Amino acid sequence: MLTPLASLRTGLEMQLEAGAREWLRQALADAADTPRHAGQAVPPWERHFAAAGRRCVPAHGEDPGSLAETARVLLLHAASPDGPALARLYEHATAPERHAVLLALPHLDPPPEARAALALVEDALRSNDTRLIAAALGPYAAGHLDPHQWRHGVLKCLFTGVPLSAVAGLERRARGDAELGRMLTDYARERTAAGRTVPEDLHHALKLTAETAPEAAPADAPESSRPEEP
């Protein structure tokens, strides 16, 4: 479940020292006013995005990296960058900045072009950065990643030690997925044959694949009664 953006902002402001709070307010105002800066090589919100790591000074003992991450998610929501802008930002971003971009995907309104956003998710899944992998399999991937890529994302978590609890929508998407069940079984056999332990959460996911998936609602059923699409 996504944390409401208003709650994210309130929580962040409570953890920042006074000067950092003022910076955040100005940065978000600049991001919301993005159209006025059209044509600039680097709009102000992108500069704020890069500067968040040093501007988010905690009021107490909070982790400044976590505060900067939240600020970046809020900035992306306020700026609503399109697919090309998002891709450019991600390409030149540091690992913490890329992590924030991935976390922001389900919050963007209007949403970016699916092809552009999914390219970022797929790039993160090709990495060996466990934080990026976990972020890539968040709510956006749960709703948009195709079954083939999603299954391989689940396997990538097992390969790299990312807990499957990080996979948003696991209960829904794994249930009744025979192909995922086959892949998990093969992986477990390979681990066992090599004398290695099988991750506990693999057994949970495998159990889900053996359960019966909910039947699709009839075509004329009310929208609210239809199951959510993967």
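The values are calculated or read from the model by the stated rules, or taken from the named source; none is laboratory data. Worth saying up front: this structure is predicted, and the values here are computed from it rather than measured. Methodologically, a virtual Cβ is constructed for each residue, glycine included, from the backbone with ideal geometry; neighbour enumeration extends over all protein chains shown.
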Checklist line | Tabulated pairs, segment 134-152, first touching a residue at least 12 places away in the same chain (Cβ under 8 Å), second of a type in the set (Gly, Ala, Ser) and part of a helix (DSSP H, G or I), C-beta under 6 angstrom, 6+ apart or interchain | finding: ALA134/ALA166; ALA136/ALA124; LEU137/GLY153; HIS144/ALA114
Note to self: Cβ-Cβ distance below 9 Å, separation of 6 or more or different chains: which pairs start in segment 8-20 with a residue that is under 14 Å from GLY61 (Cα atoms) and part of a helix (DSSP H, G or I) and end on one that is among the acidic types (Asp, Glu) and at pLDDT below 95?
What the structure shows: GLN15/GLU62
Check: Taking segment 165-186 as the region of interest, how many residues are buried (at least 19 other Cβ atoms within 10 Å of the Cβ) and under 13 Å from ALA134 (Cβ atoms)?
Finding: 3
Next item on the list: Could you check, for segment 63-75, whether at least one of its residues is more than 29 Å from HIS144 (Cβ to Cβ) and out of contact with any Gly (no Cβ under 8 Å at 6 or more places or on another chain)?
Entry: yes
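Out of the residues in segment 179-195 that are among the hydroxyl-bearing types (Ser, Thr, Tyr) and without any contact (Cβ under 8 Å) to a residue 24 or more places away in the chain, state the one that is nearest to ASP146 (Cα to Cα).
Per the stated criteria, the residue is THR185.
Only residues that are surrounded by 22 or more Cβ atoms within 10 Å (Cβ to Cβ) and in a helix (DSSP H, G or I): list them for segment 79-102, please.
ALA79, LEU86, LEU89, ARG98, HIS99, ALA100, VAL101, LEU102 - these are the residues of segment 79-102 that are surrounded by 22 or more Cβ atoms within 10 Å (Cβ to Cβ) and in a helix (DSSP H, G or I).
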Item checked: Enumerated helices (runs of 4 or more DSSP H) restricted to segment 113-177, each holding at least 2 residues that are farther than 21 Å from GLU69 by Cβ and in contact with a Leu (Cβ under 8 Å, 6 or more places away or on another chain) -> 114-126, 147-160, 170-174
Notebook entry, point to check: Only one of (1) in a helix (DSSP H, G or I); (2) of a type in the set (Gly, Ala, Ser); (3) surrounded by fewer than 19 Cβ atoms within 10 Å (Cβ to Cβ) fails for GLY61. Which number is that?
Noted result: (1)
